[in-house]
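The structure appears right after this line, and notes come after that.
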Amino acid sequence: MTDRITIIGAGAWGGALAKLTQVNGYEPTIWSRNCGRDLAETTLDRTAIISAVSMSGVRAVIDRLQDAIAPHQIIVTATKGLDAQTNLTPAQLWYQAFPHNPIVILSGPNLSLEIQQGLPAATVVASHNADAANTVQEIFSSPKFRVYTNDDPVGVEIAGTVKNVIAIAAGTCDGLKLGNNAKSALLTRGLAEIIRIGQYWGGNTATFYGLSGLGDLLTTCNSPLSRNYQVGYGLAQGKGLSEVLGDLQGTAEGINTTKVLMQIANNNQIYMPITALVDRLLQGEITAPEAIIALMSRDRKSEY
């Protein structure tokens, strides 16, 4: 099989995606800022171009690829976050720059280290273009990596993005040793917030109960491998955010996502109490114990 794909990003996630494609006989071209190769040249004649960079690098990559991608090439975005300047998702940025290309979102409960180790996992590839989603499904599917297609790219992307905020709260909960009852309540109410903001964006409610929603939420909120979970856990230990980030390997997208989400929620009167308290925690306005007290002492209300 010829080299038909390019993976942008040589971090843990890009490496894991590359390994998955190699199982099916592909020889992916992996590009990073330090590889010494021209990005546009690496995307020539490729069926799919897979972006696995952090949120802060998405717009720079898009700028490098202007006038370099043909309309038939599939763009796969595997980034979970929100752009701090525009409040847009990665897919929205790609759509703006390449309105004639098929865009596919890849998202699910996928810890890169476990995938690198060859442990079984599943994910979702979502697009308005069914043929493009099917092609990406074929690229990544293997006996140890099950890939489902989905026609709700908005819901899939928002679910994977917002769960990083709830993962910070989950890490805080575990760091304070609050127990399983509290953790279950937090995740359930966190899912309600994901659905609330996801519906505002136009996502399908059913999507948030699938792999890219509930599945990704459970994985990220229960694993010390999650960088966002590590942030919350460290803050619960009394560390400052700068100290936590100094010990972190890679980017915790939930930090920036929290800030952007609060702007969107406040501007549109969307009720997101967990996100609001995570934001105050990250800003140093309250401590982890104070955040839990504030969360538990809110006005009584109906569950639905």
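The values are calculated or read from the model by the stated rules, or taken from the named source; none is laboratory data. Owing to the predicted nature of the structure, the values given are computational and were not obtained by experimental measurement. Neighbour counts run over all protein chains shown; Cβ positions are idealised from the backbone, glycine included.
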Those residues of region 1-41 which are more than 19 Å from SER54 (Cα to Cα) and among the polar types (S, T, N, Q) amount to THR2, THR21, GLN22, ASN24
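When only residues in region 119-147 that are of a type in the set (Ser, Thr, Tyr) and assigned to a strand (DSSP E or B) count, which is surrounded by the most Cβ atoms within 10 Å (Cβ to Cβ)?
Narrowing region 119-147 to residues of a type in the set (Ser, Thr, Tyr): 123, 127, 135, 141-142.
Now drop any that are not assigned to a strand (DSSP E or B), which leaves 123, 142.
On the way: THR123: 26, SER142: 16.
Of everything passing the filter in region 119-147, THR123 is surrounded by the most Cβ atoms within 10 Å (Cβ to Cβ).
Working carefully through the options ASN164, ASN268, ASN204, ASN181, find the one that is touching a residue at least 60 places away in the same chain (Cβ under 8 Å) and either surrounded by fewer than 23 Cβ atoms within 10 Å (Cβ to Cβ) or more than 15 Å from the chain's Cα centre (by Cα) (or both). First the steps, then the outcome.
On the way: ASN164 fails: either surrounded by fewer than 23 Cβ atoms within 10 Å (Cβ to Cβ) or more than 15 Å from the chain's Cα centre (by Cα) (or both); ASN204 fails: touching a residue at least 60 places away in the same chain (Cβ under 8 Å); ASN181 fails: touching a residue at least 60 places away in the same chain (Cβ under 8 Å).
Going through ASN164, ASN268, ASN204, ASN181 in turn, just one is touching a residue at least 60 places away in the same chain (Cβ under 8 Å) and either surrounded by fewer than 23 Cβ atoms within 10 Å (Cβ to Cβ) or more than 15 Å from the chain's Cα centre (by Cα) (or both): ASN268.
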Filter region 234-263 for residues that are of a type in the set (Asp, Glu) and assigned to a helix (DSSP H, G or I); the one that is farthest from LEU82 (Cα to Cα) is GLU243
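Can you tell me which of ILE274, ILE292, ILE270, ILE264 is modelled with pLDDT under 95, among the β-branched types (Val, Ile, Thr) and within 19 Å of ALA192 (Cα to Cα)? Outline the logic, then answer.
Numbers: ILE274 fails: modelled with pLDDT under 95; ILE270 fails: modelled with pLDDT under 95; ILE264 fails: modelled with pLDDT under 95.
Answer to the selection: ILE292.
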Expected single match for at negative phi and touching a strand residue (DSSP E or B) at 6+ places or on another chain (Cβ under 9 Å) among GLY246, GLY198, GLY232, GLY215 is GLY215
Reported set for region 264-302 where residues are part of a loop (DSSP other than H, G, I, E, B) and over 19 Å from GLY234 (Cα atoms) is ASN268, GLN269, ILE270, TYR271, MET272, SER297, ARG298, ASP299, ARG300, LYS301, SER302
Of the residues in region 57-73 that are assigned to a helix (DSSP H, G or I) and not acidic (Asp, Glu), the one that is surrounded by the most Cβ atoms within 10 Å (Cβ to Cβ) is VAL58
Here the residues within region 107-118 that are loosely packed, with under 15 Cβ neighbours inside 10 Å and assigned to a loop (DSSP other than H, G, I, E, B) are GLN117, GLY118
